[in-house]
Amino acid sequence: MNELIETLQFVYAPQVVNGLAIGVAVILMALGLTIIFGLLDVINMAHGEFYALGAYLGITLVAKGVSFWVCLALVPVVMAGIGYATERMLIQRVFHTKDRHILTLLLTFGLAIIAEDVFKLAYGPNPYKPDSPIPGASELLGVILPNYRLFLIAAGTAIIVAVWIVVYRTSLGAMVRAAAFDRHMASSLGVPVERVYAGTFAFGVALAGLSGVLLAPIYSVFPTMGKDFILMAFSVVIVGGMGSIKGAVIAGLVLTQIQSISSLYISPVWSDPLVFGIMVLFLMVRPQGLAGRLGHG
Amino acid sequence: MKRLTIIAAVAAAFAATGAYAQSGPIKIGVVTPLTGTYAGIGQQVKWGIEMAVKEINDKGGILGRKVETIYEDEEANPNVAVQKAEKLFQVSKVDFLTGTVNSGSTLAVGQVAERNARLAATTVSFSDAITGDKCSPNMFRVNAKAGMQSAALAEWMVKEKPNASVYYLGPDYEMGRSTVAAFKAAAEAKGAKSVGEVYAPLDNKDYSPFFGQIRAARPQVLYTSVAGNDTVRFLSQLSEFGLAKQMQIVGAAGSVTAQNMGAIGKAAEGYVTGAAYSGEIDTPANKKFVADFKAAWKADPDLYGVDSYGVMYFYKAAAEKAGTTDTDKLRTAMRGLEWQTPQGKKTMRAGDHQAIQDMYAVKVVNGKFQIISKVPGEAAVGADTCTKF
Amino acid sequence: MAEAAILRNAVEATERIARGGRNLLAGIFVAIALAFAVFAGMTGDTFFFRLATEALIFAGLALSVDLLLGYTGLLSLGQALFFGFGAYVSGLVLKNVAPSFWAAIGITLAATLLVGTIAGIISIRARGVYFALITFGLAQVAFKVVFNTREIGGSDGIIGIPQIRAEFGLFSVDTQSPAGFFLLTLAFMMLLYAGCAYLVQTPAGRLLVAIRTNESRVPFLGYSPWRAKLFAFVAAAVVAALSGSLYPMLRGLVSPELLAFQISGNAVIMVVIGGVGTLAGAFYGSAILTMLKSVIGTFTEYHLIVIGALFMLSVIFFPKGLAGYALPRLERWVARRRGRA
């Protein structure tokens, strides 16, 4: 009995809590991706690069003497501007063509390729490891956990709740949901659909940038950092249901816990194919995912 | 028929190529990671080679010819290494190739060297297979292989931590598998108990998912062979999660070196490894080498730096013994060659192209590699298992 | 009735001209490739010969992407799965079974028919972007599995794949002869091209175009879009895998990177730059990409910026790519010649 409790306390508990930190991080990435898809029907292949850009902006500002906490507020604002411009200047160019699904996917893919090389050019190919803004570790019930990961869980949860409130409890969110449900109806009711589109894209990009700043102290900053994470975020979005916020949160938590717990029994390198396999399974039998998409209940 | 004649014509044009220059500068191709997680290792390789080349050229070169180096980025990726090696052999027409770090790259480049009838040497790669079951007549190794490091480390462990339970974490590729297998065999032979092993991808960013299995196994000793920036992240995260002080951490010679010790910081203290080099080796040759290295590059040399410095003198000694840079004559000269390095005298074993050298158990104390015991080269190197030549 | 016959004649004439234009485009490519071979052969080059051979092999992969995208409207983001599969099967056969060109090709073909059918049944359930995502996901699973499986070399891949002589009765080609293997690959790829070009003008192939235009109407014509799509998927898998099967003969090794997204993505870039729905465009796309890489590569290592920008400009301004731009001109030329004849 004692042994079981000890195992739960010293083996499972830290794994679950650490999985939670990773889960929150993945959900932050997935939220922007799923909101953009839910409203614009755009698969943003450059989402990972926006995340990387956020992280690079963060370390650049910190190097200039700006505090990490100011960056957390400043970087999303800058990223929103970049996102808005990207939507107006790129996505809109092919948005009204027949093949827009594929064309927007290809365009954002092209953007991702360019961005990766621009990062290399500007910052070099090697990773930066920013200092943790909250160093040290806390002991909870005999288990040691780094403070910054605990902070990430708290801050990430707050951001997820805030996003949920914006989308479901404000008039701004109502406009977005209306536009997602029926663009023409929303337009005739006076919703500025074009601006809502660009605004939503900007919001998703800002979320990606914010994740970049938040996760940099854990995962380091390097040109291909977006690629590592985007696959996991894609899996979460697909399993949760493309365009569903609730689905992304549930899928994000479940999938990362599956990874964390399975890592106790199989080599952690197999946890990625496990999750991708679940994603393929969902695409096969339930392409709409766990929950319906934005604006559809 | 038309196509046949074209093939014949073009093939004939090709038969004429293949002869390499025996005058002008001797070209040395260096395929080494200049970017990525092993970039720091590549930096040491480059520093070591540059220093040796400058010394050699200042004293008149090799066989009266100047030495010239051409660098290509390996990215610690065998696929990239092969393409860069082909380019160096076929476009730059280099006489000799060195610098590969990733063991997979070294094995693959050995094959490229065979197909281009040139010689190559590694100064870094650990995998036993390079001079074991996957040996190549065109590949030499001047540094110590995993088996030799393990011999010295296991010797230390049996004294300090008798019958310890050991957990192994290596990088998930040729080198990681080989180093863990070698140390596991050596440790178990001396009474240690293995309680689990796990492999993390090269360039892994977050090791925390791997800690679950380590916590569950509760080892007394943790062996690791991750290297470069991977060690920086692994050891920092181990201590962040409070695991580092619960066990003795030991590992491969390349995991913690002078190159990445600064970035690891306090988490490196107490680390023990079996290595063929320490900056603390107390000989005039090494003292001079360390001083010159520091003067030239404002940094301490590590085992990669010293072995890459040494490989140029290995090539010089062989070329002067053969009197030519012709591949076959050079190979004959390299076999059984004895030459001097800052680590002392090394002997290139003819049977498997593995350099024999003395091994040390070293411990990180106050940021320095303190030598705690020594195993003679002949005892550490083990049997020749290469059967290809 | 006479009117119907006239109409049919007119349609057939147009199709003949389109086919003529396409084949002319492929013919010009072969002429350029042979001119390159003569030039490279005379200068005694090895490196660029092998680079060009590699470009041809990747052109085969792009060809398979175009077969799906250009004729069925299915964007595959995981075609490297079959390319890598072909490379691994071929490499394993050459190393462990028999060092024979025909054994490698034959076993790859048989294995791909099986794996391609299974993957096809999984994938073609999904439509539109979901197809893109499921192929992407499948390829990622395959990549990770190969990467983690020590029995087939894991992340190191397989080295020591022997060089072979491909026997053709009258003559044989050494895979290590830069010129010989280049010409062999060129002939091989033209066979694949001819196969694809033949396929798209069979009744099954025309059905694919109908699916691309409007899938929901196809069942009313009495055809099963499911079967036609599966057919296209397997055909594309075979083209990709056969191209991949030449890779270990060229390089003497295979590695998990061959299944990575980068390879799939590059193939899509080649098709878009070369020209979607033209088949021959894949070869031009691959040649352009390889040239850009090695030309820009001599000035700077940041060639992806140029390639990415070119790709995006193609998507926005030249959605039909290089071949799509050249084809109408070639077709007019073909029509004029036929008119005179």
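Would segment B:144-164 turn up any residue that is free of Cβ contacts under 8 Å to residues at least 60 places away in the same chain and either within 21 Å of B:ARG349 (Cβ to Cβ) or within 12 Å of chain C (Cβ to nearest Cβ) (or both)? No, segment B:144-164 has no match at all. Under the condition of being of a type outside the set (Gly, Ala, Ser) and part of a loop (DSSP other than H, G, I, E, B), the residues counted in segment B:322-349 number 8.
Just the residues that are of a type in the set (A, V, I, L, M) and part of a loop (DSSP other than H, G, I, E, B), please, taken from segment B:131-145.
Correct list: B:VAL142, B:ALA144.
So is A:THR108 more than 25 Å from B:GLY40 (Cα to Cα), among the hydroxyl-bearing types (Ser, Thr, Tyr) and not in a loop (DSSP other than H, G, I, E, B) or not? Considered against the rule, which asks whether it is more than 25 Å from B:GLY40 (Cα to Cα), among the hydroxyl-bearing types (Ser, Thr, Tyr) and not in a loop (DSSP other than H, G, I, E, B), A:THR108 comes out as yes. Return a yes/no flag: does segment C:97-105 have any residue that is within 14 Å of chain B (Cβ to nearest Cβ) and in contact (Cβ under 8 Å) with a residue 12 or more places away in the chain. No, that holds for no residue. When the residues of segment B:106-130 are filtered to those that are assigned to a loop (DSSP other than H, G, I, E, B) and facing chain C (nearest Cβ under 10 Å), the one that is surrounded by the most Cβ atoms within 10 Å (Cβ to Cβ) is B:SER127.
Once segment C:293-318 is narrowed to residues that are over 22 Å from A:PRO223 (Cα atoms) and free of Cβ contacts under 8 Å to residues at least 12 places away in the same chain, the residue that is nearest to the other protein chains (Cβ to nearest Cβ) is C:ILE316. Checked against (1) within 30 Å of A:PHE37 (Cβ to Cβ); (2) out of contact with any Pro (no Cβ under 7 Å at 6 or more places or on another chain); (3) touching a residue at least 60 places away in the same chain (Cβ under 8 Å); (4) of a type outside the set (Gly, Ala, Ser), A:VAL161 passes all but condition (3). Residue under question is B:PHE183, and the condition is that it be aromatic (Phe, Trp, Tyr), surrounded by fewer than 24 Cβ atoms within 10 Å (Cβ to Cβ) and not assigned by TED's automatic domain parsing to the domain that holds B:THR69; does it hold? Judged against the criteria, B:PHE183 is not a match.
Considering A:GLY32, A:GLY38, A:GLY54, A:GLY48, the condition of being of a type outside the set (A, V, I, L, M, F, W, C), within 12 Å of chain C (Cβ to nearest Cβ), touching a residue at least 24 places away in the same chain (Cβ under 8 Å) and crowded, with 24+ Cβ neighbours inside 10 Å is satisfied by A:GLY48 alone. Count of segment C:35-48 residues, restricted to those that are assigned to a helix (DSSP H, G or I) and facing chain B (nearest Cβ under 9 Å), is 8.
Annotation: of all residues in segment B:187-245 being touching a strand residue (DSSP E or B) at 6+ places or on another chain (Cβ under 6 Å) and among the small types (Gly, Ala, Ser), the one that is modelled with the lowest pLDDT is B:GLY242. Screening segment A:183-276 for helices (runs of 4 or more DSSP H) wholly inside it with 1 or more residues that are at pLDDT below 90 and of a type in the set (Ser, Thr, Tyr) returns the ranges A:183-188, A:193-219.
Test C:ARG337 against the stated conditions and say whether it is surrounded by fewer than 16 Cβ atoms within 10 Å (Cβ to Cβ), closer than 13 Å to C:LEU25 by Cβ and among the charged types (D, E, K, R). So C:ARG337 fails the test. Has segment A:76-91 got at least one residue that is away from chain B (no Cβ under 14 Å), among the acidic types (Asp, Glu) and buried (at least 17 other Cβ atoms within 10 Å of the Cβ)? Yes, there is a match, as at least one residue in segment A:76-91 is away from chain B (no Cβ under 14 Å), among the acidic types (Asp, Glu) and buried (at least 17 other Cβ atoms within 10 Å of the Cβ).
Hey, C:ILE288 hits all of (1) in a helix (DSSP H, G or I); (2) in contact with a strand residue (DSSP E or B) (Cβ under 9 Å, 6 or more places away or on another chain) but one; which does it fall short on? With (1) in a helix (DSSP H, G or I); (2) in contact with a strand residue (DSSP E or B) (Cβ under 9 Å, 6 or more places away or on another chain) applied to C:ILE288, the lone miss is (2). The condition of being facing another protein chain (nearest Cβ under 8 Å), in a helix (DSSP H, G or I), β-branched (Val, Ile, Thr) and more than 21 Å from the chain's Cα centre (by Cα) holds for only one of C:VAL93, C:VAL141, that being C:VAL141. Against the test of being within 17 Å of the chain's Cα centre (by Cα) and closer than 30 Å to C:ARG150 by Cβ, the options A:PHE276, A:PHE282 yield a single qualifying residue, A:PHE276. For segment A:224-280, filtered to residues that are more than 9 Å from every other protein chain (Cβ to nearest Cβ) and in contact with an Asp or Glu (Cβ under 7 Å, 6 or more places away or on another chain), the residue that is surrounded by the fewest Cβ atoms within 10 Å (Cβ to Cβ) is A:THR224.
To keep it simple, each residue is scored yes or no on (1) at pLDDT 80 or above; (2) buried (at least 19 other Cβ atoms within 10 Å of the Cβ); (3) not basic (Lys, Arg).
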{"residue": "C:ILE159", "(1), (2), (3)": "yes, yes, yes"}
{"residue": "C:PHE182", "(1), (2), (3)": "yes, yes, yes"}
{"residue": "C:ALA194", "(1), (2), (3)": "yes, no, yes"}
{"residue": "C:ARG206", "(1), (2), (3)": "yes, no, no"}
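Taken over segment B:350-365, the criterion of being outside any strand (DSSP E or B) and surrounded by fewer than 19 Cβ atoms within 10 Å (Cβ to Cβ) is satisfied by B:ALA350, B:GLY351. Taking segment B:204-227 as the range and being in a loop (DSSP other than H, G, I, E, B) and either of a type outside the set (Gly, Ala, Ser) or facing chain A (nearest Cβ under 10 Å) (or both) as the test, the residues that pass are B:ASN204, B:LYS205, B:ASP206, B:TYR207, B:ARG218, B:PRO219, B:GLN220, B:VAL226.
Answer yes or no as to whether A:VAL285 is within 25 Å of C:ILE118 (Cα to Cα), surrounded by fewer than 19 Cβ atoms within 10 Å (Cβ to Cβ) and either at the interface with chain C (Cβ under 10 Å from one of its Cβ atoms) or in contact (Cβ under 8 Å) with a residue 60 or more places away in the chain (or both). Spelling it out, A:VAL285 is indeed within 25 Å of C:ILE118 (Cα to Cα), surrounded by fewer than 19 Cβ atoms within 10 Å (Cβ to Cβ) and either at the interface with chain C (Cβ under 10 Å from one of its Cβ atoms) or in contact (Cβ under 8 Å) with a residue 60 or more places away in the chain (or both). When the residues of segment B:228-247 are filtered to those that are touching a Phe, Trp or Tyr at 6+ places or on another chain (Cβ under 7 Å) and part of a loop (DSSP other than H, G, I, E, B), the one that is farthest from the other protein chains (Cβ to nearest Cβ) is B:GLY228. You will find that of C:PHE231, C:PHE188, the residue that is more than 10 Å from every other protein chain (Cβ to nearest Cβ) and more than 27 Å from C:ASN96 (Cα to Cα) is C:PHE231 and no other. Suppose the filter is more than 25 Å from B:GLN259 (Cβ to Cβ), touching a Lys or Arg at 6+ places or on another chain (Cβ under 8 Å) and either buried (at least 24 other Cβ atoms within 10 Å of the Cβ) or not assigned by TED's automatic domain parsing to the domain that holds B:THR131 (or both); does B:VAL195 pass it? Against the criterion (more than 25 Å from B:GLN259 (Cβ to Cβ), touching a Lys or Arg at 6+ places or on another chain (Cβ under 8 Å) and either buried (at least 24 other Cβ atoms within 10 Å of the Cβ) or not assigned by TED's automatic domain parsing to the domain that holds B:THR131 (or both)), B:VAL195 qualifies.
For segment A:190-201, the condition holds for no residue, the condition being that it is touching a Ser or Thr at 6+ places or on another chain (Cβ under 8 Å), within 20 Å of A:PHE37 (Cα to Cα), within 14 Å of chain C (Cβ to nearest Cβ) and β-branched (Val, Ile, Thr).
The values are calculated or read from the model by the stated rules, or taken from the named source; none is laboratory data. A quick note: this is a predicted structure, and the numbers were derived from the prediction, not measured. All Cβ positions, glycine included, derive from the backbone under ideal geometry; neighbour counts span all protein chains shown.
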